[in-house]
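The values are calculated or read from the model by the stated rules, or taken from the named source; none is laboratory data. None of these values were measured; they are calculated from a predicted model. FYI the Cβ positions are ideal-geometry reconstructions off the backbone, even for glycines, and counts take in every protein chain you see. What goes into the accessible areas is simple: the full protein's heavy atoms, side chains included, and nothing from ligands, DNA or RNA. Shrake-Rupley method; radii C 1.70, N 1.55, O 1.52, S 1.80 Å.
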Amino acid sequence: MEFLREAFRGDNRFVLRLAIIAALGGFLFGYDTGVISGALLLIKDDLGAGSFEQQALVGSLLIGAVFGAVLSGFSADALSRRWTKVISGSVYVLGAIASAISQNVTELIAARFVLGLAVGTASFVSPMYISELAPKRIRGGVTSFNQLMIVAGIFAAYIVNWALKDVSGNWRWMLGLGAVPGLVLAIGMVFQPHTPRWLVEHEREDEARDVLRRTRRDDEEAEEELDEIREAAQREGGVRDLPTPAVRPLIVIGLVLAVSQQLIGVNTVIYYAPTILKFTGVSTGGAITQALSVGITNVVFTIVAILVLDRTGRRPLLITGTIGCIVTLGVLGAFFASGWLQDNLPWLALVCLILYIASFAIGLGPVFWLMISEIFPLRVRSPAMSVSTVANWASNFVVASFFLTLTNAITRQGTFWLYAGLGVFALVFFVTRLPETKDRSLEDIEQELTGSRA
């Protein structure tokens, strides 16, 4: 594969190592997303959590993530991308330990809010850090390592849920083990370089040149990109520049991507996969076991996306994946609407979940995080990415926190058909408004989309 040949060139191996360590922030996001899906069924029995409390346990992390995304927009510029990730890993360790030792639902909700602060911060800074270090020829695939780590974290959590479901203190071990990748991220990022764009913004050009020379093919390419970064950084900007005519259309694109990724219902499937499967009549243990297939699918198709993103482009994968999500959500709704399908084709729900996750994994999953790290001008990249990330987590909160309430209000089939309808609106926007960004430097993308550099 072209991406593999490029990625393992001698001059790119250093970039791969940096990307893998930085993408551990995505692993934290994924692990907590996946682990709560299985733990929730066990917490419900152990701590007596009703539907409202279960939704609060999911939602508290998401509220924390919103605040974390807001704070990271400031800290990524003031403290650097690197040190922001060190802090997020450290906070995650504290939150994971606090979750494991919680004695009641209230304490667990508070601990998960702390986890959310770390997850929201890491989800924002990881793709930014990687995209600013990666050469344009492999930026799509390498930046999508963050999404690969998210789905790897989800899959690892599903395995942990399955392995520990019959162990004493099962859900406590499930949640507490999250401290391990948090610690690895915090320690690992201490030894990573700052991004060249952050260094230039802080008048440390010699250091930026050294980083570029280590991550580009030759000195000529490094100097050319340094000139582009220097030009883009000459004019200061910030939050006040977000509503300007040049930036506003990009903010709209980022927000639509952010909201669509969640309103299409993906984290309902991730958070509640075992719960959805229990709707079909399987046992708690059987639902947790079947959810492993969802995790495997997520990992496999994310790898597929990484291998082809820099060859096929962002738009084709996003559009194809969104169509797949819409179709499978429609069929899943039909399954719950039809007693005949439930009686005669009980396996159809699992098949729909697998195909839905496959579609998401090649489209909205990796493309959202990649494109918001590519489309915004340097002078507003941190606040603009922060706005998109906040919108993503806020939408995540709305969808995941009210899933059980929604299924009671408009039925299970109505809920999935609602997600499918929202997916149609997203698809129309992607077809008509979304730019293609592959094979171009971040500064070139900025010039085309805004009409000027910086």
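Could you please give the count of residues in the range 307-349 that are part of a helix (DSSP H, G or I), modelled with pLDDT under 90, of a type outside the set (A, V, I, L, M, F, W, C) and under 23 Å from Arg440 (Cβ atoms)?
Residues meeting the conditions: 4.
Do you know which residues across the range 1-24 are aliphatic (A, V, I, L, M), at pLDDT 70 or above and not in a loop (DSSP other than H, G, I, E, B)?
Val15, Leu16, Leu18, Ala19, Ile20, Ile21, Ala22, Leu24
For Phe376, all conditions in the list (1) open to solvent by 10 Å² or more (accessible area, probe 1.4 Å); (2) not in a helix (DSSP H, G or I) hold save one; what is the number of the exception?
(1)
Restricting the search to the range 294-323, which residues are open to solvent by 20 Å² or more (accessible area, probe 1.4 Å) and basic (Lys, Arg)?
Hits for the range 294-323 are Arg311, Arg315.
Yes/no matrix, rows are residues, columns are (1) in contact with a strand residue (DSSP E or B) (Cβ under 8 Å, 6 or more places away or on another chain); (2) in contact (Cβ under 8 Å) with a residue 60 or more places away in the chain; (3) under 17 Å from Ala100 (Cα atoms):
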position: Arg139; (1), (2), (3): no, yes, no
position: Ser144; (1), (2), (3): no, yes, no
position: Ile150; (1), (2), (3): no, yes, no
position: Ile159; (1), (2), (3): no, yes, no
position: Leu164; (1), (2), (3): no, no, yes
position: Gly169; (1), (2), (3): no, no, yes
position: Arg172; (1), (2), (3): no, yes, yes
position: Leu175; (1), (2), (3): no, yes, yes
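Which numbered condition in (1) open to solvent by less than 20 Å² (accessible area, probe 1.4 Å); (2) within 25 Å of Glu436 (Cα to Cα); (3) not hydrophobic (A, V, I, L, M, F, W, C) is the only one that Arg248 fails?
Failed condition: (1).
Would you list the helices (runs of 4 or more DSSP H) that sit entirely within the range 84-185 and hold 3 or more residues that are of a type in the set (Val, Ile, Thr) and surrounded by fewer than 24 Cβ atoms within 10 Å (Cβ to Cβ)?
105-133
Among the residues of the range 186-201, which ones are among the polar types (S, T, N, Q) and buried (at least 23 other Cβ atoms within 10 Å of the Cβ)?
Residue satisfying the conditions is Thr195 alone.
Please go through the range 359-368 and give me each residue that is open to solvent by less than 10 Å² (accessible area, probe 1.4 Å) and not in a loop (DSSP other than H, G, I, E, B), ordered by number.
Those that are open to solvent by less than 10 Å² (accessible area, probe 1.4 Å) and not in a loop (DSSP other than H, G, I, E, B): Ala361, Leu364, Gly365, Pro366, Val367, Phe368.
Looking only at the range 217-224, decide whether some residue is buried (at least 18 other Cβ atoms within 10 Å of the Cβ), of a type outside the set (A, V, I, L, M, F, W, C) and either assigned to a loop (DSSP other than H, G, I, E, B) or out of contact with any Cys (no Cβ under 9 Å at 6 or more places or on another chain) (or both).
no
Quick one: count up the residues across the range 324-358 that are more than 19 Å from Ala287 (Cα to Cα) and open to solvent by 50 Å² or more (accessible area, probe 1.4 Å).
4
Can you pull out every residue in the range 387-416 that is aromatic (Phe, Trp, Tyr), outside any loop (DSSP other than H, G, I, E, B) and closer than 22 Å to Ile63 by Cβ?
Trp393, Phe397, Phe403
Listed residues Phe52, Phe67, Phe27; which is surrounded by fewer than 21 Cβ atoms within 10 Å (Cβ to Cβ), modelled with pLDDT of 85 or more and in a helix (DSSP H, G or I)?
One residue alone meets the criteria, Phe67.
Which condition breaks for Lys44 when tested against (1) of a type in the set (Lys, Arg); (2) under 20 Å from Phe403 (Cα atoms); (3) open to solvent by less than 50 Å² (accessible area, probe 1.4 Å)?
(3)
Taking the condition under 30 Å from Leu42 (Cα atoms) and touching a residue at least 40 places away in the same chain (Cβ under 8 Å), does Val184 pass?
Judged against the criteria, Val184 is a match.
Output the number of the condition that Ala76 fails; it satisfies all remaining conditions of (1) of a type outside the set (Val, Ile, Thr); (2) more than 24 Å from Ser373 (Cα to Cα); (3) at pLDDT 85 or above.
(2)
Restricting the search to the range 97-144, which residues are closer than 18 Å to Ser72 by Cα, at pLDDT 90 or above and small (Gly, Ala, Ser)?
Correct list: Gly116, Ala118.
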